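Quick notes on the structure that follows.
Every read-out reported here was derived from the displayed coordinates using simple, explicitly stated rules and does not represent laboratory data. These figures come from a predicted structure and were not determined experimentally. Because the Cβ atoms are built from the backbone with ideal geometry, glycine has one as well, and the counts that use them run over all protein chains shown.
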Amino acid sequence: MPKCWKCEATMSWRQCIGLYHRIDCLACGTRNYLSSKAQWNIGTPYFIILILQMVLRPWLDISFISGLIFIVLFAVFTHLVIQPFLLEYKEDKQYLIDGFN
């Protein structure tokens with residue numbers, strides 16, 4: 001689970017599944033911003049599953065609806081179970097790609 005950059009207090013699971021781009025620490029009140037590394041870590045599983053879906057769907061004979069249901073279930077599972085462990089917070093706002101500030 002992610003920690004506050006200032007006081008090293010561990011964030012709660014409930015905090016991590018909400019709007020996680022900016023979290024206020026419950027222990028010290030410090031504002032924590034999502035790091036650029038964590039932004040990449042969060043987006044990568046979704047990108048991979050979308051590419052696999054597009055590439056493998058014709059060969060596996062999966063209907064569009066079945067594929068869509070799989071993507072939604074994967075997204076919910078990733079958001080609730082895996083994603084809180086991929087979060088990392090920093091002192092200042094960081095952008096996914098440098099130069100967009």
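Measure nothing but the geometry: give the 0 to 90° angle between the long axis through the Cα atoms of 64-77 and the longest principal axis through the Cα atoms of the chain, rounded to 10°. Approximately 20 degrees, to the nearest 10. Applying 1/(1 + (r/R0)^6) with r as the Cβ-Cβ distance of residue 36 and residue 3 and R0 = 22 angstrom yields a FRET efficiency of 0.80. Candidate cross-link partners of residue 6 among the aspartates and glutamates, defined by an alpha-carbon separation under 13 Å and a same-chain spacing of 8 or more, comprise 24, 88, 91, 92. What you get for region 13-90, charging only the Cβ of Lys and Arg (+1) and of Asp and Glu (-1), is a dipole of about 240 debye around the Cα centre.
Among 39, 2, 86, which residue has its Cα furthest toward the positive end of the charge dipole of the chain, with +1 on Lys/Arg Cβ and -1 on Asp/Glu Cβ? Comparing the listed Cα positions along the dipole, 2 ranks first. Measuring from label point to label point, each 7 Å out along Cα→Cβ, what is the residue 12 to residue 64 span in nm? Output for this residue pair reads 4.2 nm. With the largest listed first and rounded to whole Å, the semi-axes of the equivalent ellipsoid of region 7-101 from the Cα gyration tensor are 32, 16, 8.
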